[in-house]
1. Where Lys and Arg each count +1 and Asp and Glu each count -1, what net charge lies around ALA62 among other residues with Cβ under 12 Å from its Cβ?
2. Only loop residues by DSSP count here, and only those with at most 11 other Cβ atoms within 10 Å; note down the trypsin sites (Lys or Arg not before Pro) in segment 174-279 that meet that.
3. On a full-extension model of 0.36 nm per residue, what is the gain between SER225 and ALA289, subtracting their alpha-carbon distance, rounded to one decimal in nm?
4. Can you work out the base-10 log of I(q)/I(0) for segment 105-219 at q = 0.11 1/Å, using the Debye formula on its C-alpha atoms alone?
5. Take GLU50, project a point 7 Å from its Cα along the Cβ direction, then tell me which residues of segment 155-188 have their backbone nitrogen under 12 Å from it.
6. Of all DSSP beta bridges in the chain, what percent run antiparallel (nearest 5)?
7. Summing +1 for each Lys or Arg and -1 for each Asp or Glu, what net charge is found among the other residues whose Cβ lies under 10 Å from the Cβ of ALA49?
8. Can you work out D for the chain in µm² s⁻¹ from Stokes-Einstein, where Rh is the Kirkwood radius over C-alpha pairs, the temperature is 37 °C and the viscosity is 0.692 mPa s?
Amino acid sequence: MRRRAGIRRAWGAVDVTQRRRVVVVGAGVAGLTTAVVLAEAGLAVHVVAEQIPGVTSLAAGAMWGPYLVEPKAKVDEWSRRSLEVFRDLAGDPATGVRLTSGVEASRTAEAPPEWATTLPDYRPCEAAELPPGFTAGYRFTVPLIDMPVYLRYLLRLLDAAGGTVEQRHVTSPAEAGPADVLVNCSGMGARELARDPGLGPIRGQHVVVGNPGLTEFFSEGTGTSPELLCFYPHGETVVLGGTAVEGEGGLARGDEAAAGILARCAEVEPRLAGARVLEHRVGARPTRAAVRVEETWAAGGARVVHNYGHGRAGVTLSWGCAGEVLGSAQPRRARL
Ligand SMILES: Cc1cc2nc3c(=O)[nH]c(=O)nc-3n(C[C@H](O)[C@H](O)[C@H](O)COP(=O)(O)OP(=O)(O)OC[C@H]3O[C@@H](n4cnc5c(N)ncnc54)[C@H](O)[C@@H]3O)c2cc1C
């Protein structure tokens, strides 16, 4: 496996004479990225999770983009950090990360989000570049992440760094221990594990098809609409989206939703009409007013660091949030 030398150095390392045991609850993109960062920094890391890898993370498209997530200052910092890492990972095909050019467009004259304007190759589109019915759009290059491939890559990185993984349901972070530090990356599970009623699901569905030859992504700026339109090529396959139904957390596939996704995508990209359907993916985006990366204490005295509530942008924020958890998980003395 090609190593990410530059990345490992960037996290710094802990004093190994104080090597502490950290248990991470959750094996979605938040849990696995956090576990990799902690293990590569020298901590003894054990992951406990019911799903390995997390189903919602598997369902993501996924495109780097801090969509509809707060708090802005932190989100800017976390997503920038992740962008650096994803750019580095894109050099290795085994990671599932590709730097891809494409267009985000809208049917109303929407201004581009601020983060898009800072990306390489950013430029407003000419009218002729837009599909029929679209009035504004912009082009940029961004990391696309093939999630099944990428999550397997994270599991291999964790293994290489000495981390271990255990499949188990827990009813509290402490139950996952013993540990000096417990890290709660349980996605929607945090509603129970952190007793957080402010956390709610946004159900999302994707259809995966054989790639009829697409090399560029397309995404419609649809704001908070429940019906999305996007497609992300990942080599042999294309992930077509999507849906975003607030308050719904069920993971059963919706046939009507799938048919709508296929029709919307084929209207914009006729090559997708009749593409062979390979798979349906459904997840529940764990959403709250603001992403929670915060340190608290469990009843028995162990430190608990929460890292959940990433909503529509958990992949985008993953490396930045993991780096912040590392700061909390290190021994106090080492942080002085
Ligand atoms: C359709 C769709 C498209 C998306 N597109 C993008 C995108 O393009 N870009 C982007 O950045 N983000 C995207 N997202 C959002 C992103 O997928 C999520 O924010 C992210 O996956 C959340 O990761 P997580 O690790 O917190 O949760 P999960 O992946 O849900 O992982 C949670 C983990 O915790 C474990 N767990 C929970 N409770 C317990 C318990 N009690 N005991 C033991 N284990 C437990 C689970 O088993 C699982 O392993 C998309 C999401 C969806 C659904």
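1. Numbers: positive: ARG98, ARG281, ARG285, ARG312; negative: ASP146.
That works out to +3.
2. Values: sites: ARG191, ARG195, ARG203, ARG253, ARG264, ARG271, ARG276; in loops: ARG195, ARG253, ARG276.
Qualifying residues, ordered by number: ARG195, ARG276.
3. Details: separation 64, 0.36 × 64 = 23.04 nm, distance 1.77 nm.
Full extension from SER225 to ALA289 adds 21.3 nm.
4. -0.70
5. Correct set: 168-172, 186-188.
6. Numbers: 45 of 66 bridges.
Among the beta bridges of the chain, antiparallel pairing accounts for roughly 70 percent.
7. Numbers: positive: ARG168; negative: GLU50, GLU166.
With Lys, Arg at +1 and Asp, Glu at -1, the net is -1.
8. For these conditions, the coefficient is 162 µm²/s.
The values are calculated or read from the model by the stated rules, or taken from the named source; none is laboratory data. Keep in mind it's a predicted model, so treat the numbers as computed, not measured. All Cβ positions, glycine included, derive from the backbone under ideal geometry; neighbour counts span all protein chains shown. Heads up: the accessible areas ignore ligands, DNA and RNA and are worked out on the full protein's heavy atoms, side chains in. Shrake-Rupley method; radii C 1.70, N 1.55, O 1.52, S 1.80 Å.
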